[in-house]
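Trainee: Before I ask anything, here is the structure I am working with.
The values are calculated or read from the model by the stated rules, or taken from the named source; none is laboratory data. Because the structure is a prediction, the values reported are computed rather than measured. Positions of Cβ are generated from backbone atoms using ideal geometry, with glycine treated the same way; all protein chains shown enter the neighbour counts. Surface areas here come from the heavy atoms of the whole protein model, side chains and all, with no ligands, DNA or RNA. Shrake-Rupley method; radii C 1.70, N 1.55, O 1.52, S 1.80 Å.
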Amino acid sequence: MSLVGKLKYQFMKDIGAPALMSLKDLKQHRKRPVSPAFGPPLKTNKRLKEILSRHYFLARYVPGAKQVAWVTSGAPVELLRAFDFYTIYPENHSALVGAKKQGADYCTIAENDGFSQDLCSYARIDLGHMLSGKTPAGKLPKPDLLFCSNNICQTVLYWYKAIAHELDIPLIHFDVPFVAVEQSEADVRYLAQQLLDMIPILEQFTGKVFDLKQFEIILKRSQESSQTWGKILELMQAKPAPMTIFDAFGHLAPVVSLRGLPVAQDYYDLLLKEVDERVNKGIGAITNERYRLIWDNIAVWYQVRYLATFFAERNMNFVTATYTNAWAETTGYLDIKDPWSSMAKTYGQIILNNNLKHRLGLMRKMIKNFGVDGMVMHSTRSCKPYSVGQFDLRKALSAELKLPAVIIDADIADERVWSQQQIQTRLEAFCETLEDTTLG
Amino acid sequence: MIPNRKKYLKQQAQNGQKIMGVLPALYPRELLWAFDILPAEIWDPPGDILRANAHLQATICPIVKRGLEFILKESASVNAGYLFPHTCDSLQNLATQVKDLIGTSQPVYTFYNPKAQFNKTTRRYYLDLLQDFQTTLETKFGPLNRAKLMAACELGSKIDIRWLTLQNARRADQLELTNPEYFQLVRAGEYLKPEDYLTLLNQVEVQAGPVHQSNRRLLLSGILPPHEETLSFLDELSVTIVADDLLSGSRRFPITQLDTPVDPFEYLTDRHFLLPPCSTRASNLKERIHHLQKMISESQVHGVLFNIIKFCEPELFDHRFLVKTLKQNRVPLLSLETELLPGISGQDRTRIEAFIEMLDEQVSG
Ligand code: SF4
Ligand code: SF4
């Protein structure tokens, strides 16, 4: 790391980034018309944009100042934070590309270079970025290290392996056995030992000594952020719900990509306060909430606005989702006094690494606690671990809870997969059934 | 010479043999043998996919779909449950889907295959996995007889050794077997009892010298070999597949010969970590490429045929790198995509013919 690089980064962090953010404030973006079906927007949205822009902006000045790690969303990032890595989340970046409806462009770059169109679009977008340097975030720093965990899917492992090979950089892999029945003692031991094994590797790579006290502080912060995020989601049990799940898809970003940093915790304290206030004042995310829905699977990033408006205009609000819940669900296992085994339990039992019996139970609970009237499942071409089993989950929940449900076939970030006509027809039929069922 | 799979398993079931349906791909077969369980592997059962479509999306690979279709039929020849080794995301979810949502009259077992690179921690964990699997099986099938496990390991070791010999003989053109015959032999291990399989392997004659001089030698890579009609078509074109990098083939046999088993669990662990690099175990790409190149040069092939199963993520990620490297090294290659349907399409025929023509030009040029 060079001194000049460090100084430049520090300058940008303390002065450049705040100045740029206030400049952005002045430069008011032309606002797109918002449907009157929506309630007042969250004030915290502005802060969210700020911290995410700042994160991507500062990333440009990181090379030479800090080591950069590309990390998967389910990896125990706290360990990297203890070694002061600047972390980039390719999944997040791919979602951003998807939300800007540029996913197909990036995917095509990867496909033209030999990657199959049948691979997860987050991976194809990222590989497209890696091959072309293109990004809507200005510029992303190249990784010095890759850190991945297969607790969300095996795909990330193949994908990171591909980057490691292409860029000839090291990959640290946290191998997380799938919970087919329940986590065994051997699983926990294996996971904890892998984390311990990583310490000397990271010490050697960074030239820094691991500081347990510092690590515990980071872990505590991470735990608090996840817990606060959990409380925010719980507040959506209120009627009317203070947010829509489409808001939550956005507000999820800090707990995924800035977990363990003070900025994430500060952010969620702010959001919790605002959401709590809205609940107390009875302010809903949509003006006339008559039906409450659950969303299953990752967002369709390029159609968030369309879907939010479609449902809001029919007085339907998504109040809960298995996806947003994933970063809060297992935090209860974390114990700062027993970091390694408790991290094994926290990271090892997240929804995508857990069996479908668990998922069914969780969805049942969410449907009950959030007063859900109907369910929309996004069967995504990209994600096998999220999508395989959805047909039977739907069947079980519909039969048991008499819950109207619909499955839409789409993709998370490759907009070529979206079929407007077909999906609209399906959704309209679903809404009719929902209205009939509730009336009946 | 090779017993028909369906008849053989039916006969075995009638004789009271415990038979477990095992999905792809890696599992400690010796442990099942020691419990007197015959693993009958389920890779690509024939027939139409009908009922499985109601449970799985269109973008799921045909191995998973066919596997589920087979399970839904509740075949009488599977009487000791199903085992789902952890191979990929789709099979991982299928296991819990069958067990926890769809249901079957048979118990469902799972076995995790560590994806981390080999080291002390991974090794120790694999030993624990074996121990846990033993305990699970014991609850259903009674206590494990250690002597039986030892005998199973010895038998497994003999099969591995014989397999290595036959593999080398195939490379040296010392086997008088057509392409379909060779792969029928390989795949008989998916359902024969180990002693029957060993007998079969021992019956294969290894000639003293090359039985023919093939100028069209290919290496086959992928999950499964192509359908028999494609293999026969290759014979028609005088193409011999002399080596394979198939998950259902050589990727399930250790790279080198192991020492005679002393402690069964240690032996099974060593064996697992001595398997060749494989996409489903997330092996390092450098190792995978190196292994493939080594096979290409040792078996003196003229080209590589990739048989890619539609929607198979593990293979598709690696495929791009393997292809790129081979192209850089001017190794001719052809990639076929399969949905595991019977027969050979006109398009595949044309592509294979064009590939062989190109191969001939390279060889003669
Ligand atoms: S979308 Fe699914 S397959 Fe793709 S990276 Fe995320 S969890 Fe993995
Ligand atoms: S073909 Fe590929 S995706 Fe299908 S079961 Fe096998 S490894 Fe999994």
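Trainee: Quick check on the range A:193-205. Is at least one of its residues of a type outside the set (Phe, Trp, Tyr), under 23 Å from the mean Cα position of the chain (by Cα) and modelled with pLDDT of 95 or more?
Mentor: yes
Trainee: Out of A:LEU356, A:LEU360, A:LEU334, A:LEU439, I need the residue that is out of contact with any strand residue (DSSP E or B) (no Cβ under 9 Å at 6 or more places or on another chain) and at pLDDT below 95. Which one?
Mentor: Just a single option satisfies the conditions, and that option is A:LEU439.
Trainee: Sticking with this one: Considering B:ALA208, B:ALA282, which residue is within 19 Å of the chain's Cα centre (by Cα) and either surrounded by fewer than 20 Cβ atoms within 10 Å (Cβ to Cβ) or in the same structural domain as B:GLN184 (by TED's automatic domain parsing) (or both)?
Mentor: On inspection, the qualifying residue turns out to be B:ALA282.
Trainee: Filtering the range A:158-201 down to residues that are of a type in the set (D, E, K, R) and surrounded by 18 or more Cβ atoms within 10 Å (Cβ to Cβ), which residue is farthest from the other protein chains (Cβ to nearest Cβ)?
Mentor: A:ASP187
Trainee: In this structure, is B:THR135 among the hydroxyl-bearing types (Ser, Thr, Tyr), out of contact with any Pro (no Cβ under 7 Å at 6 or more places or on another chain) and at pLDDT 95 or above?
Mentor: yes
Here's the yes/no breakdown for (1) outside any helix (DSSP H, G or I); (2) within 16 Å of ligand 1 (Cβ to nearest atom); (3) basic (Lys, Arg):
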residue: B:TYR109; (1), (2), (3): yes, no, no
residue: B:LYS115; (1), (2), (3): yes, yes, yes
residue: B:LEU137; (1), (2), (3): no, no, no
residue: B:TYR191; (1), (2), (3): yes, no, no
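Trainee: Separate question: Is it the case that the range B:131-140 has a residue that's surrounded by fewer than 22 Cβ atoms within 10 Å (Cβ to Cβ), within 11 Å of chain A (Cβ to nearest Cβ) and touching a residue at least 40 places away in the same chain (Cβ under 8 Å)?
Mentor: Yes.
Trainee: While we're here: Which of the residues belonging to the range B:79-96 are away from chain A (no Cβ under 11 Å) and part of a loop (DSSP other than H, G, I, E, B)?
Mentor: B:ASN79, B:ALA80, B:GLY81 - these are the residues of the range B:79-96 that are away from chain A (no Cβ under 11 Å) and part of a loop (DSSP other than H, G, I, E, B).
Trainee: Checking B:ALA58 against (1) part of a loop (DSSP other than H, G, I, E, B); (2) among the small types (Gly, Ala, Ser); (3) within 7 Å of chain A (Cβ to nearest Cβ): exactly one of these is not met. Which one?
Mentor: Just one mismatch for B:ALA58, condition (3).
Trainee: For B:GLU287, work out the one condition from (1) buried (at least 21 other Cβ atoms within 10 Å of the Cβ); (2) within 14 Å of chain A (Cβ to nearest Cβ) it doesn't fulfil.
Mentor: With (1) buried (at least 21 other Cβ atoms within 10 Å of the Cβ); (2) within 14 Å of chain A (Cβ to nearest Cβ) applied to B:GLU287, the lone miss is (1).
Trainee: Further question on the same structure: Hey, among the residues in the range B:227-248 that are within 16 Å of ligand 2 (Cβ to nearest atom) and surrounded by fewer than 24 Cβ atoms within 10 Å (Cβ to Cβ), which one's farthest from B:PRO332 (Cα to Cα)?
Mentor: Restricting to residues being within 16 Å of ligand 2 (Cβ to nearest atom) and surrounded by fewer than 24 Cβ atoms within 10 Å (Cβ to Cβ), the top hit is B:SER248.
Trainee: I'm checking my understanding of the structure. Among residues of the range A:343-382 that are assigned to a strand (DSSP E or B) and either open to solvent by 20 Å² or more (accessible area, probe 1.4 Å) or β-branched (Val, Ile, Thr) (or both), which one is farthest from ligand 2 (Cβ to nearest atom)?
Mentor: A:VAL376
Trainee: Quick check on B:THR122: is it within 30 Å of A:VAL188 (Cα to Cα), open to solvent by less than 30 Å² (accessible area, probe 1.4 Å) and in the same structural domain as B:GLU69 (by TED's automatic domain parsing)?
Mentor: When the stated conditions are applied, B:THR122 passes them.
Trainee: Something else about it: Would a scan of the range B:332-344 turn up a residue that is loosely packed, with under 11 Cβ neighbours inside 10 Å and in a helix (DSSP H, G or I)?
Mentor: no
Trainee: Within the range A:307-329, can one find any residue that is touching a residue at least 12 places away in the same chain (Cβ under 8 Å), of a type in the set (D, E, K, R) and open to solvent by less than 40 Å² (accessible area, probe 1.4 Å)?
Mentor: Looking for residues that are touching a residue at least 12 places away in the same chain (Cβ under 8 Å), of a type in the set (D, E, K, R) and open to solvent by less than 40 Å² (accessible area, probe 1.4 Å), one finds none in the range A:307-329, hence no.
This table checks each residue for (1) open to solvent by 30 Å² or more (accessible area, probe 1.4 Å); (2) of a type in the set (Asp, Glu); (3) at pLDDT below 95.
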residue	(1), (2), (3)
B:ALA34	no, no, no
B:TRP43	no, no, no
B:ARG51	yes, no, no
B:HIS55	no, no, no
B:GLU69	no, yes, no
B:LEU72	no, no, no
B:TYR82	no, no, no
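Trainee: Let me ask you something else. Pairs only if they're at least six apart or on different chains, beta carbon under 6 angstrom, first in the range A:147-160 and more than 15 Å from ligand 2 (Cβ to nearest atom), second open to solvent by 10 Å² or more (accessible area, probe 1.4 Å) and part of a strand (DSSP E or B); list them, first residue then second.
Mentor: That search, which allows pairs on different chains as well, returns A:PHE147/A:ILE172; A:CYS148/A:HIS173; A:TYR160/A:LEU171.
Yes or no, residue by residue, for (1) closer than 21 Å to A:THR437 by Cβ; (2) small (Gly, Ala, Ser):
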| site | (1), (2) |
| --- | --- |
| A:TRP340 | no, no |
| A:ILE350 | no, no |
| A:SER382 | no, yes |
| A:ARG394 | yes, no |
| A:ILE408 | yes, no |
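Trainee: Identify, by number, the condition in (1) of a type outside the set (Val, Ile, Thr); (2) within 21 Å of A:TRP340 (Cβ to Cβ); (3) more than 15 Å from ligand 1 (Cβ to nearest atom) that A:ALA75 doesn't meet.
Mentor: Looking at each condition in turn, A:ALA75 falls short on (3).
Trainee: Exactly one condition in (1) away from ligand 2 (no atom under 16 Å from the Cβ); (2) in a strand (DSSP E or B); (3) not hydrophobic (A, V, I, L, M, F, W, C) is not met by B:SER221; state its number.
Mentor: That leaves (1) as the condition not met.
Trainee: On the given criteria, is B:ALA76 away from chain A (no Cβ under 14 Å), more than 16 Å from ligand 1 (Cβ to nearest atom) and under 17 Å from B:PHE111 (Cα atoms)?
Mentor: no
Trainee: Within the range A:214-234, is there a residue that is assigned to a helix (DSSP H, G or I) and touching a strand residue (DSSP E or B) at 6+ places or on another chain (Cβ under 6 Å)?
Mentor: no
Trainee: Here's another thing I want to ask about it. Of all the residues that make up the range B:267-315, how many are within 16 Å of ligand 1 (Cβ to nearest atom) and in a helix (DSSP H, G or I)?
Mentor: 5
Trainee: Name the pairs whose Cβ atoms lie under 7 Å apart, with the first residue in the range A:249-274 and farther than 18 Å from A:TYR323 by Cβ, the second open to solvent by 10 Å² or more (accessible area, probe 1.4 Å) and acidic (Asp, Glu), and 6 or more positions between them or separate chains?
Mentor: Every condition considered, the pairs that remain are A:GLN265/A:GLU224.
Trainee: Sort out which residues of the range A:383-393 are within 23 Å of the chain's Cα centre (by Cα) and free of Cβ contacts under 8 Å to residues at least 60 places away in the same chain, and write them in order of number.
Mentor: Matches in the range A:383-393: A:VAL388, A:GLY389.
Trainee: Search the range B:249-270 for residues that are farther than 16 Å from B:ASN113 by Cα and pair each with any residue that is among the acidic types (Asp, Glu) when their beta-carbon atoms are under 7 Å apart and the residues are at least 6 apart or on different chains.
Mentor: Going by the 7 Å Cβ cut-off, the qualifying pairs are B:SER250/B:ASP244; B:LEU258/B:ASP270; B:PRO261/B:GLU154.
Trainee: Going by the structure shown, is A:ARG394 away from ligand 1 (no atom under 16 Å from the Cβ), open to solvent by 10 Å² or more (accessible area, probe 1.4 Å) and more than 12 Å from chain B (Cβ to nearest Cβ)?
Mentor: The answer is no for A:ARG394.
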